[in-house]
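To start, the structure itself, in structure tokens.
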Amino acid sequence: MGQQWLKLALIVAVLVALGGDLVDGEEKTILVKTVKGKKVCSQGWECPYYSQFCCNQTISDLFQTYQFENLFSKRNSPVAHAVGFWDYRSFITASIMYQPLGFGTTGGKYMQMREIAAFLGHVGSKTSCGYGVATGGPLAWGLCYNKEESPMQSYCDDSDKYKLIFPCAPGADYYGRGAIPIYWNFNYGYVGEALKLDLLNHPEWVSENATIGFQTAIWRWMTPIKEGQPSAHDVFVGNWKPTKNDTDAKRAPGFGATMNIMYGNLVCGQGDIDSMNNIISHYLYYLDLMGVGREMAGPNEVLSCAEQKPFNPIESSTT
């Protein structure tokens, strides 16, 4: 996996350098072989190493430029705060590292599209500048931001736990940046190690390069917070089987559990609160716009985390 991951990082770096031209221009060739009795495939630049997931349709097969534009229709309005920054090409380029691992490529067509909508539902909610009477409605303003406006602190944790492995760089601030904002030096350190990028010394890259801004968000979606726990991807696509303790804590597979993993008790276990409902509303809105339909989202107990106990209780100062 290490060599394959490095290969993917190099491919993404080339695509970024080329401005994503291959995303629009190159035909994908599907290669198939059998490894240990299992069918595996690769699909050119978009799913570039052999994987069972690369035998399915890729994200660009199911989710195209016009759909991205529909979902984020107001992101380049004059009053938005990241005009001209976010685009479809950057999203697809960012996804290349994770499509062979199942991001947007798990299950059949509708599961794949539901996961894309679910992930982007988090993105839209966390980067929105929409409000009740905003033009186009409050859900049309996702990707309005690419970084926290007027941060109140530098988010440098120089405690003994982190000062040796992820020391704060002189003059660096680790406030929220990206499609799903990351905070704190240790989080920039962890995601930087995963993406083979020096984000600890250059946290600004997350809000200066849209591909990196999406990559950090996909990393959060695909990566468990703690060993032995599921990722948001796992609980959504059905890779996770709840234990008795999970059932007792009212945690169940589905969209609600993705919020539990991503935000803990900041959103979940607090009843029917606005911050939770806003994320759900973006997800349902995107399902409709993508032609899947919100009826495919499942019942409220799958959508909501209102009664779920958090996997990892957190304080608002450390997210």
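The values are calculated or read from the model by the stated rules, or taken from the named source; none is laboratory data. Model, not experiment: these values are computed from the prediction. No Cβ is skipped: glycine too gets one built from the backbone with ideal geometry, and neighbour counts run over all protein chains shown. SASA here: full protein model, heavy atoms, side chains in, ligands and nucleic acids out. Shrake-Rupley method; radii C 1.70, N 1.55, O 1.52, S 1.80 Å.
Here are the numbers for the structure shown:
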| quantity | calculated |
| --- | --- |
| Qualifying residues in segment 263-292 (those that are touching a Leu at 6+ places or on another chain (Cβ under 9 Å) and of a type in the set (Phe, Trp, Tyr)) - the one nearest to residue 66 (Cα to Cα) | 286 |
| Members of segment 46-63 that are closer than 18 Å to residue 218 by Cα, part of a loop (DSSP other than H, G, I, E, B) and free of Cβ contacts under 8 Å to residues at least 60 places away in the same chain | 46, 58 |
| Selection within segment 133-148 - assigned to a loop (DSSP other than H, G, I, E, B), within 19 Å of residue 122 (Cβ to Cβ) and not aromatic (Phe, Trp, Tyr) | 137, 142, 143, 144, 146, 148 |
| Selection within segment 130-140 - open to solvent by 20 Å² or more (accessible area, probe 1.4 Å) and modelled with pLDDT of 95 or more | 139 |
| Segment 77-93, residues that are surrounded by 23 or more Cβ atoms within 10 Å (Cβ to Cβ) and under 14 Å from residue 208 (Cβ atoms) | 86, 90 |
| Condition check for residue 104: open to solvent by less than 10 Å² (accessible area, probe 1.4 Å) and assigned to a helix (DSSP H, G or I) | no |
| Subset of segment 67-76 (residues that are free of Cβ contacts under 8 Å to residues at least 60 places away in the same chain and touching a helix residue (DSSP H, G or I) at 6+ places or on another chain (Cβ under 9 Å)) | 68, 69 |
| Residue selected from segment 162-171 under the condition in contact (Cβ under 8 Å) with a residue 12 or more places away in the chain and not hydroxyl-bearing (Ser, Thr, Tyr), by the criterion most open to solvent (accessible area, probe 1.4 Å) | 165 |
| Checking residue 244 against (1) under 13 Å from the mean Cα position of the chain (by Cα); (2) open to solvent by 10 Å² or more (accessible area, probe 1.4 Å), the condition it does not meet | (1) |
| Residue that is in the same structural domain as residue 140 (by the TED database), more than 25 Å from residue 63 (Cα to Cα) and among the hydrophobic types (A, V, I, L, M, F, W, C), where the choices are 284, 303, 266 | 266 |
| Filter result for residue 291 (out of contact with any strand residue (DSSP E or B) (no Cβ under 6 Å at 6 or more places or on another chain), small (Gly, Ala, Ser) and outside any loop (DSSP other than H, G, I, E, B)) | no |
| Near pairs, Cβ below 9 angstrom, 6+ apart or cross-chain, from segment 83-99 (among the acidic types (Asp, Glu)) to any residue that is at pLDDT below 95 | 87/20 |
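Residues checked against (1) closer than 22 Å to residue 118 by Cα; (2) in the same structural domain as residue 119 (by the TED database); (3) among the small types (Gly, Ala, Ser):
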site	(1), (2), (3)
172	no, no, yes
197	no, no, no
214	yes, no, no
217	yes, no, yes
229	yes, yes, no
238	yes, yes, yes
242	yes, yes, no
248	no, yes, no
